[in-house]
Amino acid sequence: MNGSTVAVRGPQEACITTVEPSQAAEASVSHEELVRFFSVLSHDLKSPIFAIDGFSELLLTDYNAKLDEEGQDFLQRVRSSAQNMKRVLDDMSGMVKLLARPNARKPTPLREIVEEVILKYNFQIEEGGVKVDMPDQMPTVIVDPEKMREAIGAIVGNALFFTDREKGERHLAIDCSTEAANVKLCIRDNGIGIDPRYVSQVFDLGGVSKLDKARGGGPGYGLYLAKRVIESHGGALTVDSVPGTGSAFCFTVPLA
């Protein structure tokens, strides 16, 4: 017999199920097809979005004088929304492709990854007057650097989004410590915190969008991606949050 044999045990019996190679191949193809389907869907959705963006730009350029101030504002909002939707589709397409491929782990300086993330968000950090603290020295870890950069970036981006501007100084603290053969990295903010009703959902796909309706709900897939990436490295992502005080997201990755 060429298939794989799996024992399935119930309360009173055990049965043997044979998974033929063709079934395994079919499951693999289905996964690849799902990734391809999303790529095609993303491409098709971009066509009308590009049209909205292009025509709204044309109206703002050639017909701006014929619109009153309110009309100009509405049209600018239309264009901004179209551009934001393009970014969302690009980000989600990248997320699907990133999660679909196997990890390419190698020894990587953790500080190098964190610095790249901070550089990516440098504009938001400077514009918002966010104070960032991080240790001068961080160990080398065994990770897929591209995936880990996206995971840490999702956590930092979430922290910046929910850090309250009205509380005065906005603060982001990054610290790490060693635990046996792992490194524990924590990213802390002094933001609005998480409503206890939603803590258990924060890592679900779309879970973050429930946290703050007044700000548009926030990105709904970043922390989901971070959790999946960290778990694929054998770690766990946790959150400790106090409403009105801030949140701390911590996870472990293996030392080099």
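Each value in this text was obtained by applying a stated rule to the coordinates, not by laboratory testing. Please read all numbers here as calculations on a predicted model, not as lab measurements. Using ideal geometry, Cβ is built from the backbone for each residue, glycine included, and neighbour counts are taken over all protein chains shown.
Summary table
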| read-out | value |
| --- | --- |
| Given Lys106/Lys131; Lys97/Lys131; Lys131/Lys184; Lys106/Lys184; Lys86/Lys131, the pairs whose alpha carbons are separated by over 26 Å | Lys106/Lys131; Lys97/Lys131; Lys86/Lys131 |
| Cβ-defined net charge surrounding Arg228, 11 Å radius [Lys, Arg +1; Asp, Glu -1] | 0 |
| Global geometry of the range 70-184, whether rounded, prolate or oblate, following the gyration tensor of its Cα atoms and the 1.5 cut on a/c | oblate |
| Candidates per GluC sites (Glu not before Pro) in the range 121-192, loop by DSSP, up to 16 other Cβ within 10 Å | Glu169 |
| Neighbourhood charge, 15 Å Cβ-Cβ cut-off, centred on Ile52 and excluding it, Lys, Arg +1 and Asp, Glu -1 | +2 |
| Within the range 106-254: Cβ-based charge dipole about Cα centre, in debye rounded to nearest 20 (Lys, Arg +1; Asp, Glu -1) | 360 debye |
| Additional length obtainable on full extension of the chain from Ser80 to Asn103, 0.36 nm per residue less Cα span | 4.8 nm |
| Top positive-direction residue, dipole computed over the range 68-210 with Cβ charges, set Leu99, Ile187, Ala159 | Leu99 |
| At R0 = 41 Å, FRET efficiency that the Cβ-Cβ distance of Ile52 and Asp195 yields, to 0.05 | 0.75 |
| FRET efficiency estimate (nearest 0.05) - Cβ-Cβ, Leu205 to Leu119, R0 25 angstrom | 0.35 |
| Selection from Thr108, Pro196, Ala248 lying farthest towards where the dipole of the range 106-254 points positive, charges on Cβ | Pro196 |
